[in-house]
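**Student:** Let me begin by handing over the structure; questions about it come next.
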Amino acid sequence: MNKAVFWVDQILRRTLMVLMASIVLVVCWQVLSRFVLGEPSSMTEEIARTLLLWIGMLGAAFAYRTGQHLGLDILTRKMSPLWQHRVALVLTAMVVMFALAAMVVGGGQLVLLTYQLDQMSAALGIRISWIYLALPLSGLLIAFYGLCQLCCLWQKIELTPAEDC
Amino acid sequence: SKPQEVVTLRMAHTLDQEHVVHKAMVKMAERMAFYSDGSMKIQIYSGGQLGSERELIELLQIGSLALTKVSAAPLEGFVPVMKVFSLPYVFRDSAHLWAVLDGAVGQDLLAALEPVRLKGLGYYDAGARSFYTTAKALHSPADLAGQKFRVPNSQTSVEMVQALGGAATPVDWGELYTALQQGVVDGAENNPPSFYLSRHYELSKYYVLDEHSMVPDMILMSQHIWNQLTPEQQGWLEQAMADSVVYQKTLWQQASDDALSKVKAHGVEVIYPDKTAFIQAVQPMLQAQQGTAVGDLVNKIMAVQVAPVAVPANIPAETTPVATPVTKTTTPTTSALTGGSDE
Amino acid sequence: MELSALILLVVFFALLMLNVPISFCIGLATLATMLLSMDLLPALTTLAQRMAGGLNSFALLAIPFFVLSGLLMGRGGIAKRLIECAMALVGALPGGLALVNVMSCMLFGAISGSAVAATSAIGSFMLPEMKKQGYDTSYSAAVTAAAATTGMLIPPSNIMIVYAIASGGVSIAALFVAGYFPGILLGIALMIVCAGYAKVKGYPTGARLPLKLVAQKVAAAIPSLFMIFLVIGGIISGAFTATEAGAIAVVYSFILAVVVYREVKVSELGNILLKSTETTAIVLALIATSAAMSWILSYENIPQTVSQGLLTLSDNPILILLLINIILLIVGAFMDMTPAVLIFTPIFLPVAVELGMSPLHFGIMMILNLSIGLVSPPVGSVLFVACAIAKVRLEQLLKPLLPMYAAMFVVLMLVTYIPAISEWLPSVFGL
Ligand code: NA
Ligand code: NA
């Protein structure tokens, strides 16, 4: 399991780096094309918004992996280790449930709907479903990490932490 | 007499409550309550509370929203032939537009929505879109050269501005005020009420009524929710819709005239250019559509003749309206205030 | 209606107490509420669509850009030089760095329309520096968060444009000018709090430096300071929008950090990109699920019902204005600014106008009020960004924020009951 997690981590990191670098380049190109070339590009805005959704969604999965999402541990901090363990099981299950329900099923349904009904984006002329694909993909990743976490909790072992960045 | 529960239909749009199109929807809700004797209710969500126009259409497909008012422009992404409305100078004037919308072509386009799970209930007037500029007066397409115009995020709008010789920059409608102020763009285009209500006239010196496109608004319903209604309920809804259309057209004309006189009072110079050169400049763009479904539709639309309005014989000729500048012949439309045809 | 509001609150707080990440709490509470009025599949699909919709905004791009340029500035020696310069100038005042922080946020607010962007940009390089000087990180984050809200009032401000449109008749130019005084007033109030806090906590006050050294420090910071001219100049001259300025800032700080100062190696860039993605994503996840929650609130008419109920309580103008402010503070606690403005302007503006308030004055009051909401829990985008950058928990921020809430509330009361604060400057310009 640790090996699988490691490879998923690697792929996700690389993808996010590329997405982030692209979004900067795209918006710089938008300024350049208008300012220097005099002919503004009509597609950069939509590309940038699409990249933002992908960064937001895939990044959310990565932030979940590295345990960066904000929570409120006023109550759980005061619990006994046994109860903390039980609560951790429940909350991890909650996250997995949300990822599977809203992101994989809901987002997947959205991708399916926009694919079947052929909805096209305004500027790029690509299928909207490609844009929405970020949701189910991110949901799968979160569910994957969450399930690994659940396994480890169940066996009372530590999941290898993500490489420090 | 009606022990059953009240059926509530949720209707969302992106305009604010001051907009005449919102008032027409309120009228529709009133008529709906009247016809159904209170057994059905339309609840209106204004101001884009429930999403942008593209997203509202999606919510109808999903089935979590019953009704919406959107500009025909974003429908292009769902039904490609809707592109015809965004093409420049397809309609000669308002009378021609309405002859088309009320005729076979208009009905066919409503029917074209069915395969994508939408029920088209009808059209609202949204006038004609024209350019406004912060510094330079435009009298012919040659004057657009070197000027940057904001367009909605659509390929057709970009092509149109380019065909006329200008540079097109897609900017979010909500960010347009500052973009005009800072000179990110030199101008934009919209119908008179949106030009007025968006307060872009505060930053504009000229409003050039070239009336390049007429993009109607459409009232859409979720096919899924429509199918759940009884034929009787569907009939009420169609009647309420028809009533609101009549009301909306009158309101629109007033709002459009009002908007023009208010921007003039504010010091905006309204220019009535000769449209011939504009029309010629976009011909290559229209030609390029030939052989496609959109091209066929353009041909059909061009072929539609407007039945002459019967003037009662006993009215003396002098009282019939004299042919006035271009403005009067075309009708205004609206697209939208906050989101309108823009996204 | 009542049932859906109850479900929303119960599910949200129950999960929150279980230490479920807040974005997931918001998402699950939204889902539970949706299920009351929709079937499962449309509810899930709608939820997914609203999350994507919440991120579908060009203005939000400022977040990754200013996070990234902030990281580059922080690691690339730019921030270091800026801070040394600021310390040389005002470090001798009590709570020097905290004051610099507030001023930087105001300055940043004067070039950007988004408080979230200010938080990420200023916070990313001020927080590590303040930490080095011995400031408590959660306090520094609280200062940044509170100060960042001044940018909502100091123009340009995207929310003012939203309000102008929702109010259907207020001039944007007038609103922009009207925002200066309340924005600066808010900044001053926060600085007073910071100075007082520094006295109590005994935060370091730097020694007065000899003039020659001050000049040296300022000169060393000039290439960094030039970024402000590049960004402001670019926006004012119309070369690019405030959002695009973010990308330009990234490029400029990249050039300084990697090429000029050579404090960042090319091999480190991958990690910097990844780090900025992570911080950005935490915020975006919250914005996405908050957008969905705002949507279901509107869908169930919860905001309208609540406010109408409260307004039947009194007919005294002073009391009603206070009541409106309290309602808006509660709304701001749970809701994002844009939907709150769009939903509550049509409801409260007619009431305010009836009481003799001008729509301009009401707009400034509402924007100031909802700015407090940006830093109030449980839902506050600025608060979330500050936590993410400072790596502190939400509740750690609340204690140092308390005196700042008080200062903000005092300014809110002044702005509410003294129309001249908002209306004088526009009247001078004849707006
Ligand atoms: Na600002
Ligand atoms: Na809040």
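The values are calculated or read from the model by the stated rules, or taken from the named source; none is laboratory data. Since the model is a prediction, treat every value here as computed from it, not as a measurement. Every residue, glycine as well, gets a Cβ built from its backbone with ideal geometry; the counts of neighbours run over all protein chains shown. Accessible surface is based on the protein model in full, side chains and every heavy atom, while ligands, DNA and RNA are left aside. Shrake-Rupley method; radii C 1.70, N 1.55, O 1.52, S 1.80 Å.
**Student:** Return the carbon/sulfur percentage of the accessible area of the protein assembly as shown, one whole number, probe 1.4 Å, all protein chains in place. Could you put the intermediate results ahead of the total?
**Tutor:** Values: 22170 of 34260 Å².
Accessible surface attributable to carbon and sulfur in the protein assembly as shown totals 65 percent.
**Student:** Further, regarding this structure: Among B:V79, B:S36, B:A99, whose Cα lies farthest out toward the positive end of the dipole of region B:10-108, if unit charges sit on the beta carbon of Lys, Arg (+1) and Asp, Glu (-1)?
**Tutor:** Going by the Cα projections, it comes out as B:S36.
**Student:** Compute the Kirkwood hydrodynamic radius of chain C, taking the inverse of the mean of 1/r over all pairs of distinct Cα atoms, and give it in Å to one decimal.
**Tutor:** Numbers: mean 1/r = 0.0448 Å⁻¹.
Hydrodynamic radius (Kirkwood, Cα pairs) of chain C is 22.3 Å.
**Student:** While we're looking at this one, here's another question. Could you give me the percent of Cα pairs per 5 Å distance bin for region B:1-144, shortest bin first, beginning at zero and ending with the bin that holds the maximum distance?
**Tutor:** The distribution over region B:1-144 is 2, 8, 15, 18, 18, 17, 11, 6, 4, 2, 1, 0, 0, 0, given as percents.
**Student:** Round to the nearest 0.05 the FRET efficiency obtained for B:E238 and C:E395 when R0 = 45 Å and r is the Cβ-Cβ distance.
**Tutor:** Efficiency for this residue pair is about 0.20.
**Student:** What is the distance in Å between the Cα centres of region C:136-163 and region B:237-254?
**Tutor:** Computed from Cα coordinates, the inter-centre distance equals 45 Å.
**Student:** Here is a follow-up. Cβ under 11 Å from C:S138's Cβ, C:S138 left aside: what net charge do those residues give with Lys, Arg +1 and Asp, Glu -1? Working shown, then result.
**Tutor:** Values: positive: C:K131, C:K391, C:R393, C:K399; negative: C:D136, C:E395.
Here the count lands on +2.
**Student:** Now, a different point. Please list the non-local residues whose amide H lies under 5 Å from the amide H of A:M120, H modeled 1.01 Å from N, same-chain partners needing a gap of 5 or more.
**Tutor:** A:I128, B:F78
**Student:** Something else now. Enter the Cα centre distance for the pair region C:331-392 and region C:20-83, rounded to the nearest angstrom.
**Tutor:** Measuring centre to centre over Cα atoms gives 18 Å.
**Student:** Taking H as built 1.01 Å from N, whose amide H comes closer than 5 Å to the amide H of B:A168, not counting residues under 5 places away?
**Tutor:** B:F149
**Student:** Taking the simple approach of a point 7 Å from Cα along Cα-to-Cβ for both A:A93 and C:D136, what is their distance in nm?
**Tutor:** Result: 3.8 nm between the two label points.
**Student:** Related question: In whole Hz, with x marking every Gly and Pro, tabulate ³J(HN,Hα) for region A:10-16 from phi via Karplus 6.51 cos²θ - 1.76 cosθ + 1.60, θ = phi - 60°.
**Tutor:** 4, 4, 4, 4, 4, 4, 5
**Student:** What number, rounded to the nearest 500 deg cm²/dmol, is the helix-based mean residue ellipticity at 222 nm of chain C, given -39500 (n - 2.57) per DSSP H run of at least four residues and division by all its residues? Before the final figure, lay out the partial values.
**Tutor:** On the way: 21 runs with 338 residues, N = 431.
That comes out to -26000 deg cm²/dmol.
**Student:** Now for a separate question. With angles folded into 0 to 90 degrees, how steeply does helix C:115-132 sit against the dominant principal axis of chain C? Use alpha carbons for both and round to 10.
**Tutor:** 40
**Student:** For region B:131-140, take each phi angle, set θ = phi - 60°, evaluate the Karplus expression 6.51 cos²θ - 1.76 cosθ + 1.60, and give the result in whole Hz per residue in order, putting x for glycine and proline.
**Tutor:** 7, 10, 9, 8, 9, 10, 6, 10, 10, 8
**Student:** Let me ask something else. Going toward the positive end of the dipole of the protein assembly as shown, with +1 on Lys and Arg Cβ and -1 on Asp and Glu Cβ, which of C:Y139, A:T44, C:T345 do you reach last?
**Tutor:** C:Y139
**Student:** Now for a separate question. When chain C is modelled as a GNM with alpha-carbon springs shorter than 10 Å, which of C:E268, C:E395, C:E84 fluctuates the most?
**Tutor:** Highest fluctuation among the options: C:E268.
**Student:** Calculated FRET efficiency, C:I318 and A:F6, Cβ-Cβ r, R0 45 Å, to nearest 0.05?
**Tutor:** Details: r = 64 Å, r/R0 = 1.42.
It comes out at approximately 0.10.
**Student:** Could you quote the convex hull projected area for the protein assembly as shown, Cα atoms only and averaged over all directions, in nm²?
**Tutor:** Details: hull surface 166.3 nm².
Approximately 41.6 nm², given one-decimal rounding.
**Student:** Count neighbours as other Cβ atoms within 10 Å of each site's Cβ, and list the chymotrypsin sites (Phe, Trp or Tyr not before Pro) in region B:39-105 that are DSSP loop with at most 13 such neighbours.
**Tutor:** Working: sites: B:Y45, B:F78, B:F85, B:Y89, B:F91, B:W98; in loops: B:F78, B:Y89, B:F91.
Of the chymotrypsin sites (Phe, Trp or Tyr not before Pro), not one in the loops of region B:39-105 has a Cβ with at most 13 other Cβ atoms within 10 Å.
**Student:** Quick query: amide H of B:M218 versus all other amide H atoms, modeled in the peptide plane; which residues come in under 5 Å with a sequence gap of 5 or more or a different chain?
**Tutor:** Answer set, sorted by chain and number: B:V70, B:S71, B:A72, B:Y124.
**Student:** What value, in deg cm²/dmol to 500, does the helix sum -39500 (n - 2.57) over DSSP H runs of n ≥ 4 give at 222 nm once divided by the residues of chain B?
**Tutor:** Details: 13 runs with 132 residues, N = 343.
Helices in chain B give a 222 nm mean residue ellipticity of -11500 deg cm²/dmol.
**Student:** Quick one: what are the phi-derived ³J(HN,Hα) couplings along region C:283-299, Karplus 6.51/-1.76/1.60 with θ = phi - 60°, whole Hz, x for glycine and proline?
**Tutor:** Residue by residue, region C:283-299 yields 5, 5, 4, 5, 5, 4, 6, 4, 4, 5, 5, 4, 5, 5, 4, 4, 4 Hz.
**Student:** Consider all pairwise Cα distances in chain B and report the whole-number % of them above 24 Å. List each step's numbers first, then the result.
**Tutor:** Numbers: 32265 of 58653 pairs.
The proportion of pairs with Cα distances above 24 Å equals 55 percent.
**Student:** Select from A:T15, A:T76, A:T50 the residue whose mean-square fluctuation is largest in a Gaussian network model of chain A (Cα-Cα springs shorter than 10 Å).
**Tutor:** Most flexible of the set in this elastic network: A:T76.
**Student:** Once R0 is set to 51 Å, what does the formula 1/(1 + (r/R0)^6) return for the Cβ-Cβ distance between B:T230 and B:A293, expressed as a FRET efficiency to the nearest 0.05? It would help to have the intermediate numbers written out before the result.
**Tutor:** Details: r = 35 Å, r/R0 = 0.69.
Efficiency at R0 = 51 Å is approximately 0.90.
**Student:** Between region A:109-165 and region C:248-324, how many Å separate their Cα centres?
**Tutor:** Rounded to whole Å, the Cα centres lie 22 Å apart.
**Student:** Checking a compactness column here: for region A:2-154, what do you get for Rg(Cα) / (2.2 N^0.38 Å), N being the number of residues? Walk me through the numbers before you get to the answer.
**Tutor:** Numbers: Rg = 19.3 Å, N = 153, 2.2 N^0.38 = 14.9 Å.
Taking the Cα Rg and dividing by 2.2 N^0.38 Å, one obtains 1.30.
**Student:** What average number of partner chain Cβ atoms lie no more than 10 Å from the Cβ of the residues making up A:13-26? Each step should come with its number before you reach the end.
**Tutor:** Values: counts 6, 2, 1, 8, 8, 2, 3, 13, 5, 0, 8, 13, 3, 2.
Mean shielding by partner chains, rounded to a whole number: 5.
**Student:** Which of the trypsin sites (Lys or Arg not before Pro) found in region B:175-272 are loop residues per DSSP with 16 or fewer other Cβ atoms within 10 Å of their Cβ?
**Tutor:** On the way: sites: B:R199, B:K205, B:K249, B:K262, B:K264; in loops: B:R199, B:K205.
Sparse-neighbourhood loop trypsin sites (Lys or Arg not before Pro): B:K205.
**Student:** Taking springs between alpha-carbon atoms closer than 10 angstrom, which of C:L383, C:L311, C:L394 fluctuates most in the Gaussian network model of chain C?
**Tutor:** Looking only at C:L383, C:L311, C:L394, the biggest GNM fluctuation is shown by C:L311.
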